[in-house]
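Here is the structure we will look at, set down as structure tokens.
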Amino acid sequence: MAVQESNVAVDDQVDDENCGPLLIQKLESAGIAAADIKKLREAGYHTVESIQFVPKKTLLAVKGISEAKADKIIEAAQKLVPFGFTTATEFHQKRSEIIQLTTGSKELDKLLQGGIETGSITELFGEFRTGKTQICHTLAVTCQLPIDMGGGEGKCLYIDTEGTFRPERLLAVAERYGLSGSDVLDNVAYARAYNTDHQMELLINAAAMMSESRYALLVVDSATALYRTDYSGRGELSARQMHLARFLRTLLRLADEFGVAVVITNQVVAQVDGAAMFSADPKKPIGGNIMGHASTTRFVFISIFSYFTKKELIILSFKTSFY
């Protein structure tokens with residue numbers, strides 16, 4: 001009987017290792033010193049996959065990691081988690097494991113063929129008071145639902161850059177789904193970001209948290225607000241775009257590494273060039289092509305005043321790119 005229980009425990013351990021990323025401590029079994037692993041963790045690398053996602057020069061920037069050590073670490077990571085060619089059949093199987101998180105709207109879920117998908121970035125952009133933050137609050141709750149109810153059975157990480165996070169909204173959504181309000185709030189890790197460097201630092205903290213517990217959603221509301229204040233004028237445009245590109249690349253890495261759904265909100269700015277004369281809406285999202293390429297799905301929130309109903313209408317459209 002004891003032997004059977006031991007076998008079950010071993011099987012459970014194997015299943016746990018096969019599900020999700022490998023913790024970076026596994027590199028020690030491949031000959032990497034514990035001291036070097038500690039340095040990598042302090043730099044924000046918490047899984048073996050995270051080593052594979054970055055170029056060698058990034059590892060060399062870690063204090064105490066020489067070129068010889070970087071080569072050894074990369075070689076060990078490649079042995080533990082091979083990143084090479086695979087068959088389309090295997091990739092199709094991997095795609096079938098993607099979870100869709102319900103938005104709380106049946107019609108919107110139908111358009112998305114199930115909801116917000118994990119493992120990619122979804123961008124919500126539009127003017128203020130069009131419902132972007134409300135969807136983020138709803139998703140922070142629905143991601144905790146069982147999978148058969150449109151959830152992800154995981155926690156939520158919420159990065160707030162504008163001070164618009166309201167726990168009361170979470171409680172209202174929790175009541176709608178019959179969930180315990182206190183449990184819902186406990187499962188949402190909240191942080192307020194005050195500048196773009198702090199915003200990036202929070203992603204390093206997020207990686208550490210996701211390596212220790214199951215998270216289904218990462219929200220950044222808004223991803224671009226701080227860039228508008230920290231970088232001003234055309235003279236800083238290049239530096240802003242480079243920093244934004246690193247931030248978005250880190251988000252993509254976290255989505256791929258931990259299989260979480262990443263939802264970011266974005267602001268809009270008025271077009272002042274000649275193209276605005278021929279555009280149905282003279283406003284465009286901040287961030288340019290960098291934002292567009294990073295997002296798999298983009299929601300556009302447009303506010304229109306109806307002279308028939310004397311009410312403000314919110315029109316929602318979206319574009320998605322399948323890979």
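Every number here is computed from the coordinates shown, using simple stated rules; none is lab data. Being a predicted model, the structure only gives us computed values, none of them experimental. Here the Cβ positions follow ideal geometry from the backbone for every residue, glycine too, while neighbour counts run over all protein chains shown.
Give LYS56/LYS284; LYS106/LYS132; LYS26/LYS72; LYS39/LYS155; LYS132/LYS283; LYS38/LYS79 a once-over and call out the pairs whose C-alpha atoms are over 25 Å from each other.
Numbers: LYS56/LYS284 36 Å; LYS106/LYS132 17 Å; LYS26/LYS72 14 Å; LYS39/LYS155 27 Å; LYS132/LYS283 16 Å; LYS38/LYS79 20 Å.
Exceeds cut-off: LYS56/LYS284; LYS39/LYS155.
For segment 17-74, run through the trypsin sites (Lys or Arg not before Pro) and keep only the ones in DSSP coil with at most 11 other Cβ atoms within 10 Å of their Cβ. Kindly include the intermediate steps, with their values, before the conclusion.
Details: sites: LYS26, LYS38, LYS39, ARG41, LYS56, LYS57, LYS63, LYS69, LYS72; in loops: LYS63.
Answer by residue number: LYS63.
By how many nm would the segment from MET209 to GLU153 lengthen if fully extended, with 0.36 nm per residue of separation less the alpha-carbon distance? Could the numbers behind the result be given before it?
Numbers: separation 56, 0.36 × 56 = 20.16 nm, distance 1.60 nm.
Stretched fully, the MET209-GLU153 segment lengthens by 18.6 nm.
Could you rank the peptides 245-254, 76-85 by their average count of other C-beta atoms within 10 Å per residue, with the highest value first? Numbers along the way, then the final one.
Numbers: 245-254: 18.4, 76-85: 13.4.
Most protected by this proxy first, the peptides run 245-254, 76-85.
Sorting LEU111, LEU157, LEU244 on the 10 Å Cβ count, fewest up front, what's the list?
Details: LEU111 15, LEU157 26, LEU244 21.
So the ranking, lowest neighbour count to highest, is LEU111, LEU244, LEU157.
At q = 0.08, 0.13, 0.18 Å⁻¹, what is the base-10 log of I(q)/I(0) for segment 97-320 according to the Debye formula with one equal point scatterer per Cα and no solvent? Please give it to two decimals.
Log10 I(q)/I(0), no solvent term: -0.28, -0.75, -1.41.
By the scheme Lys and Arg +1, Asp and Glu -1, what is the net charge of all other residues having a beta-carbon under 14 Å from that of HIS243? The partial results should precede the final answer.
Numbers: positive: ARG228, ARG240, ARG246, ARG249; negative: ASP197, GLU201, ASP230, GLU236.
Residues near HIS243 contribute 0 overall.
Given the C-alpha centroids of segment 30-61 and segment 129-200, what is the distance between them in whole angstrom?
31 Å
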